[in-house]
Amino acid sequence: MSLREDLRGLWLLVLWDLNRMQRRTLFVVMRVTWFAIQVSIFGLALSAMVRFRAVAGVNLDYYHFYLFGVYTSMLFSISVSRAYDIAEEFEEGTIEYLLSLPITRRALALGRALGGGLAAFLFTLPMYAFIIYLLGDYDPAAIATSLAAALAFSVGVVGFVLSVVLSLKSSDTTDIVFGLLDAVLIRLSTVFYPAVVLSKIAPYYYSALVNPISHFADFLRTVFFFEEFKAIAVASPDLMASYILGFAVGLSTLAILVVEKAVEGGGWK
């Protein structure tokens, strides 16, 4: 197939995922409403109780820290939830329909990773906008950089999800595995606690340092409040940006390899 046909197939698959998200408008409204209540009421109450006392020689505002953390956890969870949709599609035989289309396996894997990542990104966009409103920081460069990082992060997560779902080949096992991963990975990160606070618990600390969720959350913090958070971030902004980009490219490539191997010959069954 020509490059043009591959790109057209890719585009159709991205639209496939976006159309599926469009059917969940009411669910999106409910999640966004709950998110707004969480960050504007519970978040303020929590930040009033938590005070960083000159951690790493810098006075920090926990509310700023919390807002980026809770957005990161939401984007990760929504991206991971694509696992349940993909497993359901395989169980229902939707994959057989997709395989019957004149689309290469590579375009199929990449299209689902990009489409699922874009759908998760758009799903959480109202939450991101609400956080920016609460922060009152409208720096165009910071907003553009953080949005690009959010899209890359969600594409990487969906690429990972696609690879694991095809490897597990069971919707029941998928539910259990991703339920655990969602809960454990978020807690083994700097979503709600900075790495410097976790340093007294070595396994927790080193898990947080390599966790992509930590790199994304801390990258957002340093993009908007570099002076405030540079001392407690898991790495420098350049390194965290490279990590997020490599995470997206690497896991999308892995999804392509897994799809080409697992789907051929009815590998799901």
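The values are calculated or read from the model by the stated rules, or taken from the named source; none is laboratory data. Since the model is a prediction, treat every value here as computed from it, not as a measurement. Here the Cβ positions follow ideal geometry from the backbone for every residue, glycine too, while neighbour counts run over all protein chains shown. Heavy atoms of the whole protein, side chains included, go into the accessibility calculation; ligands, DNA and RNA do not. Shrake-Rupley method; radii C 1.70, N 1.55, O 1.52, S 1.80 Å.
What the table below lists for this structure:
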{"read-out": "Volume in Å³ per residue [convex hull over Cα atoms, computed for the stretch 1-143]", "value": "154 Å³"}
{"read-out": "Length-normalised contact order of the stretch 68-134 in % [C-alpha pairs under 8 Å, at least 6 apart]", "value": "62 percent"}
{"read-out": "The stretch 132-261 - accessible surface per residue (Å², probe 1.4 Å)", "value": "45 Å²"}
{"read-out": "³J(HN,Hα) computed for each position of the stretch 202-211 - Karplus, 6.51 cos²θ - 1.76 cosθ + 1.60, integer Hz, glycine/proline x", "value": "3, x, 5, 5, 6, 5, 5, 5, 9, 6"}
{"read-out": "In degrees, nearest ten, helix 212-224 long axis to first principal axis of the chain (Cα)", "value": "50 degrees"}
{"read-out": "Contact order normalised by residue count of the chain, Cα under 8 Å, 6+ apart, percent", "value": "27 percent"}
{"read-out": "Angle between the chain longest axis and helix 237-262 axis [Cα atoms, degrees, rounded to 10]", "value": "20 degrees"}
{"read-out": "Dimensionless Rg ratio for the stretch 197-253, taking C-alpha atoms and the 2.2 N^0.38 Å reference", "value": "1.16"}
{"read-out": "Under Karplus coefficients 6.51, -1.76 and 1.60, residue-wise ³J(HN,Hα) of the stretch 155-161 in Hz, glycine/proline x", "value": "5, x, 5, 5, x, 5, 4"}
{"read-out": "Positive-end extreme of charge dipole, the stretch 55-176 - chosen from VAL70, PHE121, SER163 (charges on Cβ)", "value": "SER163"}
{"read-out": "Prolate/oblate/rounded label for the stretch 116-269 (Cα gyration tensor, a/c 1.5)", "value": "prolate"}
{"read-out": "Hydrodynamic radius by Kirkwood, which averages 1/r over all alpha carbon pairs of the stretch 99-189, in angstrom", "value": "15.3 Å"}
{"read-out": "Packing-based ranking, highest mean first, of 171-179, 95-103, 123-131 given that Cβ atoms within 10 Å are counted", "value": "123-131, 171-179, 95-103"}
{"read-out": "Long-range lysine pairs (8 or more apart or interchain), the chain, Cα under 26 Å", "value": "4"}
{"read-out": "Under-5 Å amide H pairs with LEU60, H placed in peptide plane, nonlocal only", "value": "PHE52, ALA54, VAL55"}
{"read-out": "Neighbourhood charge, 11 Å Cβ-Cβ cut-off, centred on LEU98 and excluding it, Lys, Arg +1 and Asp, Glu -1", "value": "0"}
{"read-out": "Karplus-derived HN-Hα couplings along the stretch 106-122 (A = 6.51, B = -1.76, C = 1.60, θ = phi - 60°), whole Hz, x at Gly and Pro", "value": "5, 5, 4, 5, 5, x, 5, 5, 5, x, x, x, 5, 5, 5, 4, 5"}
{"read-out": "Simple Cβ-charge dipole of the chain, Lys/Arg +1 and Asp/Glu -1, about Cα centre, in debye nearest 20", "value": "200 debye"}
